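See structure below.
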Amino acid sequence: MISMPALLGLLAFVVAPFLLAVVLGFSNLRLGSPLPLEWVGFEQYRRIFADPSFTRALFNNLLFALVVVPLQTALALVLALLLNRRLRGIALFRTLFFMPVVFPLSLVAVVWILIFAPGPNGTMNAFLELVSLGAWTPHDFLRDTRLALPAIMLTSLWQGAGFQMVIVLAGLQAIPAELYEAAMIDGAGRWQQFWHVTLPQLRNTMIFVVLVTTILAFRLFDQVQIMTQGGPHDATTTVMFEAVEAAFTRQQVARGAAMSVVLFVVVLLISWLQRRLARQEREVA
């Protein structure tokens, strides 16, 4: 049962701002515009969906989520499996893998700007030239329309995998040891134990991880703002970036509010679909 302080916090910081965004999305409010507001109905939504910049931002968000969510979830699972061992010094490795989550996103973005520095002396260019035995030619990752979004994806994978790793690791440690002992008695090898014991027991944990990672993927803003400012040529712009630019740079508050509502609806539909598919798989199983 939800406590009263938690309910008040939910109403004040989640429900009320969302309802305000919904109301403003039906107006033409601009910063400094005179009152009373002019109500324009769904005109703001018609305008944003007719805007190529917004549709490109929505596409970038979907592409980012389609790539980052499965890769980050898989990486978190692999790291959790590697760190779920009783070895001397394992706590140090767990801390090292989790450390990027603690760092502010602004700091992470600045560090990766240095890593993606153009020219042969850039860290990423030098590394790729080394592993390719000189076949790699230096690129300006953050100003290349083909490489800018993958560069941000790589930054997000590195920064966020530790958070999912901790959740999966907790799920692994909650699996009863008796299940593995029974599987070993039945002659199951490590691979069979993973498929028939570990994954089924991690089902709810993995669903939670995928849901949270999807929501965070659609909230992509900080890396874009700091690393590319939405460029080059809208190659990395996102819905949140477009909403902030509209509301605070161009002072089109109503337009930014409408974009925020669209983003909320998209995330809500995707989360509902994921839970629906997971429930259907559980019923079939």
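A few points about this structure:
- 3J(HN,Hα) from dihedral phi, the range 193-206, Karplus parametrisation 6.51/-1.76/1.60, rounded to Hz, x for glycine, proline: 4, 5, 6, 9, 10, 5, 4, x, 6, 8, 3, 5, 4, 5
- Spatial separation of Cα centroids for the range 73-117 and the range 216-285, in angstrom: 25 Å
- Scanning the chain for trypsin sites (Lys or Arg not before Pro) in DSSP loops with at most 16 neighbouring Cβ atoms within 10 Å leaves 147-218 as the longest stretch between them.
- Unit charges on C-beta of K, R, D, E only; dipole of the chain, Debye: 300 debye
- Euclidean distance between Cα centres, the range 120-167 to the range 1-60, Å: 35 Å
- Of A174, A254, A57, the one that fluctuates the most in a GNM where the chain has Cα springs shorter than 10 Å: A174
- Among F59, F248, F13, the largest mean-square fluctuation in a Gaussian network model of the chain (Cα springs under 10 Å) belongs to F13.
- Gaussian network model of the chain, Cα within-10 Å springs - most flexible of I185, I207, I175: I185
- Charge dipole of the range 1-159 (Cα centre as origin; +1 on each Lys and Arg Cβ, -1 on each Asp and Glu Cβ, all else neutral): 520 debye, rounded to the nearest 20.
- Nonlocal amide H pairs with S27, under 5 Å, H built at 1.01 Å: V40
- Percent RCO, i.e. relative contact order, over the chain, from Cα pairs under 8 Å lying at least 6 residues apart: 29 percent
- Burial ordering of L11, L37, L147, fewest other beta-carbon atoms within 10 Å first: L11, L37, L147
- R85 paired with V131, simple spin-label distance in nm, labels 7 Å along Cα-to-beta-carbon: 2.2 nm
A short reminder: the numbers here are calculations on the coordinates, not readings from a lab. All values derive from a computational prediction rather than experimental measurement. Heads up, the Cβs are rebuilt from the backbone with ideal geometry, glycines too, and the neighbour counts pull from every protein chain shown.
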